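I have placed the structure first, in the form of structure tokens, so that the comments after it can refer back to it.
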Amino acid sequence: MTQLLAGRNLALGAEGLAEHVRRLGPLPVPGPSFIEVLERSGLKGRGGAAYQAGMKWRSVEAQSNGAAVVIVNGAEGEPRSLKDRLLMTTRPHLILDGAFLAAKAVRAKQVVLYIGEDHRAAQDSMARALAERTSEERGLVRTAAAPARYVAGASSAAVHLVDAGIATPTTTPPSAHQRGVDGAPTLVQNVETLAQVALIARTGSPTGTHLVTVAGGVSRPGVLEIQSQITIAEAVELAGGPSESAEAVLLGGYFGNWVRAASAWGLPLDHDALRARGLSLGCGVIGVLPGSRCVVCEVAGIMRYLASESSAQCGPCFFGLRALADACTRIAEGGTDHLDLQRLQRWSADVSGRGACHHPDGAVMFLQSALNTFPEEFAGHRAHLRRSA
């Protein structure tokens, strides 16, 4: 089975164009029905929301009139995620293949490589790969540096950065696929999704794999390419197993869900199977919390981080998340205060659904998951020195 990362020692660095073509063969010229092929494949986006890729492409193409824009999203602002950086650093031509396929399919006039400004190796790898492509392909492409902010990876933030130089997200209509860069329909697609598209063009079907970052209390943290339906326990074993007895798993990154370890090990790492359980793979992070770590302190540290990542464009985010982070920190450092526990519940309800973007909603979802998963720990927490997330 063709895979994203198989077939080469990743320690050798970026795969050049000649080796890329030898390994996979030349990129087929897509027919006019390629979007149908993508729709039949059932490929879901790998950036976090898991939207059907074919549906996104169809929507953009229908409004394009030859003026659409494709944004290759390599911002990867999630602190614990490494998968997109690894893919850009080692398989840049696979991503470019997917980007140029997208440009042809949606009749785009421009492709934007939107890469995190701190991801130097990824930037260099993608630039060298682009230099190996044809002049026609190079002529389509411009680059933009995504600021090192959690919110910078949002589709609307990417559009605003390209348009105005500020990576500010919003939920205000119209959406990017209707009116994005320069007012044109814009397809914003995660780099792993585009790499999968390049393989679908060659084989007709997805790889059946996806990339995950196993972080925290494991012996060999890092990126794995795993088969769908593999369990969390199996993925952790591929990462060397727990470094010590695990307390819980944070699934999907900082906008994800907490699951106690005993309940987490048997969960399949499949989008549909997880959704049926009210969970999500999100950006593909499996964060293992060791038993020696204080879960309340961990939650407080992540809430402080999420509050600091506010775009400061609305009160629910700028003031609400800070208030929630402060209440969490008071509990973590001073011990349980039942008034603060009540405030967390009340303020979470006040913040949810009222922000100018989805950042406060994601932070509140993370906090509510923690409160629901660890009620005894929050209700009986003793004073603890501050520890960062």
Just by accessible area at a 1.4 angstrom probe, what is the order of Y305, Y114, Y150 from largest to smallest? Y305, Y150, Y114
Can you pull the one-decimal nm distance between simple spin-label points at M55 and T134, each 7 Å off the Cα toward Cβ? 3.4
So how tilted is helix 120-131 from the main axis of the chain? Cα-based, degrees 0 to 90, rounded to 10. 10
I'd like the Karplus ³J(HN,Hα) series for region 285-290: coefficients 6.51, -1.76, 1.60, θ = phi - 60°, whole numbers in Hz, and an x wherever there's a Gly or Pro. 9, 10, x, 8, 8, x
Pull up all non-local amide H partners of A14: gap of 5 or more, or a different chain, and H-to-H distance under 5 Å with H placed in the peptide plane. none
Using 1/(1 + (r/R0)^6) with R0 = 22 angstrom and r between the beta carbons of A312 and N372, what's the FRET efficiency to the nearest 0.05? 0.15
Helix 359-373: inclination vs the chain longest Cα principal axis, degrees, rounded to 10, gives 50
Apply the Karplus curve 6.51 cos²θ - 1.76 cosθ + 1.60, θ = phi - 60°, to the phi angles in region 171-184 and return the couplings in whole Hz, x for Gly and Pro. 10, 5, x, x, 7, 4, 5, 9, 8, x, 4, 6, x, 8
Given labels modelled 7 Å from the Cα in the Cβ direction, how far is it in nm from T203 to S292? 4.1
Extension gain, A62 back to D350 (0.36 nm per residue minus Cα-Cα distance, nm): 99.8 nm
Given R₀ = 30 Å, what would the calculated FRET efficiency be for L12 paired with Q227, taking r from the Cβ atoms and rounding to 0.05? 0.80
Accessible area of the chain divided out per residue, in Å², using a probe of 1.4 angstrom: 41
What FRET efficiency do you get for R260 and F319 if R0 is 30 Å and r is their Cβ-Cβ distance, rounded to the nearest 0.05? 0.40
Under the rule of at least 5 residues apart or a separate chain, name every residue whose amide H is placed under 5 Å from the amide H of A146. I115, G116, E117
For R179, what residues show an amide H to amide H distance below 5 Å, using hydrogens built from the backbone and excluding near sequence neighbours? T186
Considering only L224, S243, N257, whose Cα is most displaced toward the positive end of the charge dipole of region 209-290, charges sitting on Cβ of Lys, Arg (+1) and Asp, Glu (-1)? N257
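The values are calculated or read from the model by the stated rules, or taken from the named source; none is laboratory data. These numbers come from a predicted model, not from an experiment. For neighbour counting, all protein chains shown are included, and Cβ atoms are generated from backbone atoms with ideal geometry for every residue, glycine included. Keep in mind that these areas ignore ligands, DNA and RNA; they rest on the heavy atoms of the full protein, side chains included. Shrake-Rupley method; radii C 1.70, N 1.55, O 1.52, S 1.80 Å.
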